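J.: Sharing a structure below in structure tokens format, with a few things to ask.
The values are calculated or read from the model by the stated rules, or taken from the named source; none is laboratory data. This structure is a prediction, so every number in the text was calculated from the model and none was measured. Protein only, heavy atoms only, side chains kept; ligands, DNA and RNA dropped before computing areas. Shrake-Rupley method; radii C 1.70, N 1.55, O 1.52, S 1.80 Å.
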Amino acid sequence: LNGKTFRYPSHTVKDGDVVSIDPGSVTTLVKPSNGSSVFDFVPRAFQQPWMFIPEYLEVNYNTCSTIFLREPITKPNSTEVPSPFPPSFHAMAYKFYIRRGRARK
């Protein structure tokens, strides 16, 4: 993160932070057998529906890094937060927690 190593995944990023990762730690990047320094991208079959880049990230594939541009936008009936669940599921969860006084206002 911004040129420093963080060992804990719970660190909160701020707008403008640069997140870089080692290409060898990405399971979908495979070092080619011909000795090239450029990694090959080999997606897993189950990843296809979830492979997209959110608008709040600017990705640089050459350096294996991304810039966190801003917080994801969430508003009624619309969100930028990636989720494998349909919006109706999130609405049910919201109603569940609002009845118990735990939802954010």
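J.: When the solvent-accessible surface of protein heavy atoms is calculated with a 1.4 angstrom probe, in what order do Glu71, Glu55 fall, highest first?
T.: Putting Glu71, Glu55 in descending order of accessible area: Glu55, Glu71.
J.: I need the shape label for the chain. Rule: rounded when a/c is under 1.5, else prolate if a/b > b/c, else oblate, with a, b, c from the alpha carbon gyration tensor.
T.: prolate
J.: Relative contact order for the chain: what percent, with Cα pairs under 8 Å and sequence separation of 6 or more?
T.: 22 percent
J.: Could you tell me how many degrees, from 0 to 90 and to the nearest 10, lie between the Cα long axis of helix 87-99 and the main elongation axis, the longest principal axis, of the Cα atoms of the chain?
T.: In the chain, helix 87-99 runs at an angle near 50 degrees to the longest axis.
J.: Now for a different question. Can you tell me the length gained on complete extension of the stretch Phe39 to Val13, counting 0.36 nm per residue apart and subtracting the Cα distance?
T.: Gain in length upon complete extension: 6.7 nm.
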